[in-house]
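Read the structure below first, then the notes.
The values are calculated or read from the model by the stated rules, or taken from the named source; none is laboratory data. What you see is a predicted model, and the numbers here were worked out from it, not measured in a lab. Please note: Cβ atoms are built from the backbone with ideal geometry, for glycine as well, and neighbour counts cover all protein chains shown. Heavy atoms of the whole protein, side chains included, go into the accessibility calculation; ligands, DNA and RNA do not. Shrake-Rupley method; radii C 1.70, N 1.55, O 1.52, S 1.80 Å.
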Amino acid sequence: GAGVSQTPSNKVTEKGKYVELRCDPISGHTALYWYRQSLGQGPEFLIYFQGTGAADDSGLPNDRFFAVRPEGSVSTLKIQRTERGDSAVYLCASSWTSGRLDEQFFGPGTRLTVL
Amino acid sequence: GDSVTQMEGPVTLSEEAFLTINCTYTATGYPSLFWYVQYPGEGLQLLLKATKADDKGSNKGFEATYRKETTSFHLEKGSVQVSDSAVYFCALSGATNKLIFGTGTLLAVQP
């Protein structure tokens, strides 16, 4: 079956602009996660959803970052007033449930470049 | 807070050499431990996992044993192949289900 998909694969924007990154999880997966991977680093947790609600948003760096999952499937990560430091690969993952033993399946990521 | 420390790379080996990538962790409670792999041009994939002390995770010839006494989860393979060239990430999930990753170790296997 289809894996986790993310669009766009690459996004180049200018400092101060608004961007939206989309994640389509594996069908039937109730939990969805966003991570950010800076160059040379491991992924860092941003937020996760169980169903439609954000169960843990403790990793969002500041209030410029926001994510939604209105119907419990597709999720959008929104970044306002982008800064050069936001440049990174944004990864989405999904799992059957939010249980910590459930495998998280990762998408290919969106590479965001802020000029 | 919880954290993972893994050996820095790059690690360069000849084909059929023995591989060890060290990983240690800090966590409260009893975390689950994972190794993820990222092949060139591909997304992160789970390689193996262990959920309690003394468990051994294994897959594709790779092994790692959950050592609570040394808070370690070192990755080993007896004979690496060129196709094992990738970036390897050690990770844990603690009281919550979010993954905490190490910085990654680049492995380059030469024929």
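Evaluate 2.2 N^0.38 Å with N set to the residue count of chain A, then give the Cα radius of gyration divided by it.
On the way: Rg = 13.2 Å, N = 115, 2.2 N^0.38 = 13.4 Å.
Here the answer is 0.99, to two decimals.
I want to verify the translational diffusion coefficient of chain B in µm²/s; compute it with Stokes-Einstein, Rh as the Kirkwood radius over Cα pairs, at 25 °C and 0.890 mPa s. All intermediate terms of the calculation are to be shown ahead of the outcome.
Working: Rh = 13.9 Å.
Result for D is 177 µm²/s.
Nearest 100 Å² is fine: how much accessible area is buried between B and A, summed over both sides, with a 1.4 Å probe? Intermediate results must be reported in sequence, preceding the final value.
Values: alone 5910 and 6340 Å², together 10660 Å².
Chain pair B/A: roughly 1600 Å² of buried accessible area.
How many percent of all Cα-Cα pairs in the range A:6-70 sit more than 13 Å apart?
On the way: 1459 of 2080 pairs.
In whole percent, the long-distance tail amounts to 70.
Note every residue of the range A:71-115 with a reduction of at least 30 square angstrom in accessible area, all protein chains present versus the isolated chain, computed with a 1.4 Å probe, or write none.
Going by heavy-atom accessible area, the residues of the range A:71-115 that drop by at least 30 Å² are A:R100, A:L101, A:E103, A:Q104, A:F106.
Going down the list A:K15/B:K98; A:K78/B:K98; A:K11/B:K77; A:K78/B:K52, which pairs span over 27 Å between their C-alpha atoms? List each step's numbers first, then the result.
On the way: A:K15/B:K98 30 Å; A:K78/B:K98 20 Å; A:K11/B:K77 37 Å; A:K78/B:K52 37 Å.
Violating the 27 Å Cα-Cα cut-off are A:K15/B:K98; A:K11/B:K77; A:K78/B:K52.
If you scale each eigenvalue of the Cα gyration tensor by 5 and take the root, what three semi-axes come out for the protein assembly as shown, rounded to whole angstrom and sorted largest first? Could you put the intermediate results ahead of the total?
Numbers: eigenvalues 176, 83, 50 Å².
In descending order, the three semi-axes are 30, 20, 16 Å.
Within the set of other residues whose C-beta is less than 15 Å from the C-beta of B:S83, count the net charge using Lys and Arg as +1 and Asp and Glu as -1.
On the way: positive: B:K60, B:K77; negative: B:E15, B:E16, B:E42, B:D84.
Value of the local net charge: -2.
Translational D (Stokes-Einstein, µm²/s) of the range A:56-102 at 20 °C and 1.002 mPa s when Rh comes from the Kirkwood sum over C-alpha pairs?
Details: Rh = 12.7 Å.
Calculated translational D: 169 µm²/s.
Cα centroid distance between the range A:7-63 and the range B:1-56, in Å?
23 Å
Enumerate by residue number the chymotrypsin sites (Phe, Trp or Tyr not before Pro) in the range A:19-115 meeting two conditions: DSSP loop (anything except H, G, I, E, B), and at most 15 other Cβ atoms within 10 Å of the site's Cβ.
Values: sites: A:Y33, A:W34, A:Y35, A:F45, A:Y48, A:F49, A:F65, A:F66, A:Y90, A:W96, A:F105, A:F106; in loops: A:W96.
Filter output for the range A:19-115: A:W96.
Which longest uninterrupted range of chain A lacks any trypsin sites (Lys or Arg not before Pro) assigned by DSSP to a loop state (not H, G, I, E or B) and surrounded by at most 15 other Cβ atoms within 10 Å? Could the numbers behind the result be given before it?
Working: sites that count: A:K15, A:K17, A:R64, A:R81.
My reading of the result: A:18-63 is the longest stretch.
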